[in-house]
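Remarks on the structure that follows.
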Amino acid sequence: MLVHGVRTSRTMWRAQREALERAGHRVIAVDLPGHGERRGTPFSIAGALEVLDEAVAEAGEPVLLVGLSLGGYLAIAFAAARPDAVAGLVAAGCCTAPRTPLRGVWLRAARRIEAWPDSGERLNAELVRRTLTPQAQEDVAAGGFALTVVAQMLEEVAELDPVADLARVACPVWLVNGRLDHFRTQERRFVRAARRSGQPVRLVVVPRAKHLVSLDAPGEFTRVLAEAAAAHR
């Protein structure tokens with residue numbers, strides 16, 4: 001089960017979904033509240049976890065839960081709260097606690113940008129063009145961009161405590177980061193927390209990849225998922 005990052009949608013997982021399905025795996029990719037087909041629905045942590053709960057019920061069995069950035073934080077929280085529902089956890093681009101003092105800076109910036117006449121559409125388009133390959137640009141754009149959800153998300157994520165949650169996860173854990181990811185600031189702390197659970201923990205750092213590691217290095221990221229899926233079986 002694949003959980004996307006903020007502003008994007010389930011379409012960002014195209015490369016991973018196609019590769020995993022070719023290998024015979026059933027894949028479920030969700031849209032979080034406020035994103036993709038759920039744009040217009042207010043984002044909340046409770047609402048997001050409800051979406052994951054519904055997707056697990058659809059799967060009908062414990063899942064390999066994969067999340068990137070916001071999706072990674074949510075995946076960690078869900079795995080800690082629902083150990084019966086998660087057989088393996090891959091959390092990518094989320095090795096900085098959401099309660100970092102920088103959250104206030106990001107929140108103020110997000111509120112200003114969302115108040116612009118275009119809600120930051122041109123800025124978002126330029127960032128996507130400058131930071132992603134043409135194929136990755138196409139994949140993330142396919143589901144549309146959630147341009148007015150970031151401030152709401154930043155307010156909500158303050159309630160998450162991924163370090164405490166990782167220590168309670170009852171399944172194998174893969175922490176995956178791009179080497180150039182600015183969200184690696186507490187990587188060792190997250191690994192130590194995951195190991196306190198007594199479960200197998202693997203840290204994967206992908207060379208030359210940035211925050212959106214699954215889009216920057218789709219082949220390398222998919223190989224990690226294939227390894228985790230094989231262990232899940």
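The values are calculated or read from the model by the stated rules, or taken from the named source; none is laboratory data. Being a predicted model, the structure only gives us computed values, none of them experimental. Note: ideal-geometry Cβ built from the backbone for every residue, glycine included; neighbour counts use all protein chains shown. Remember, those area values only see protein heavy atoms, side chains included, never the ligands or the DNA or RNA. Shrake-Rupley method; radii C 1.70, N 1.55, O 1.52, S 1.80 Å.
Computed quantities for the displayed model
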read-out	value
Identity of the residue in the range 195-231, of a type in the set (K, R) and free of Cβ contacts under 8 Å to residues at least 40 places away in the same chain, that ends up most open to solvent (accessible area, probe 1.4 Å)	R208
Residues located in the range 46-100, provided they are among the charged types (D, E, K, R) and not in a helix (DSSP H, G or I)	E61, R82, R99
Top-ranked residue of the range 115-150 - restricted to ones that are polar (S, T, N, Q) and open to solvent by less than 40 Å² (accessible area, probe 1.4 Å), ranked as farthest from R17 (Cα to Cα)	S119
Unmet requirement for V105, which otherwise passes all of (1) surrounded by 13 or more Cβ atoms within 10 Å (Cβ to Cβ); (2) over 28 Å from A15 (Cβ atoms)	(1)
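Each row is one residue, and each column tells you yes or no for (1) out of contact with any strand residue (DSSP E or B) (no Cβ under 6 Å at 6 or more places or on another chain); (2) not acidic (D, E).
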| position | (1), (2) |
| --- | --- |
| W13 | no, yes |
| R26 | yes, yes |
| E37 | yes, no |
| G88 | no, yes |
| A91 | no, yes |
| V105 | yes, yes |
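Condition check ((1) in contact (Cβ under 8 Å) with a residue 60 or more places away in the chain; (2) surrounded by fewer than 24 Cβ atoms within 10 Å (Cβ to Cβ); (3) more than 19 Å from A164 (Cβ to Cβ)) across all residues:
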{"residue": "L49", "(1), (2), (3)": "no, yes, no"}
{"residue": "L52", "(1), (2), (3)": "no, no, no"}
{"residue": "E61", "(1), (2), (3)": "no, yes, yes"}
{"residue": "L68", "(1), (2), (3)": "yes, no, yes"}
{"residue": "G72", "(1), (2), (3)": "yes, no, no"}
{"residue": "I76", "(1), (2), (3)": "yes, no, no"}
{"residue": "A80", "(1), (2), (3)": "yes, yes, no"}
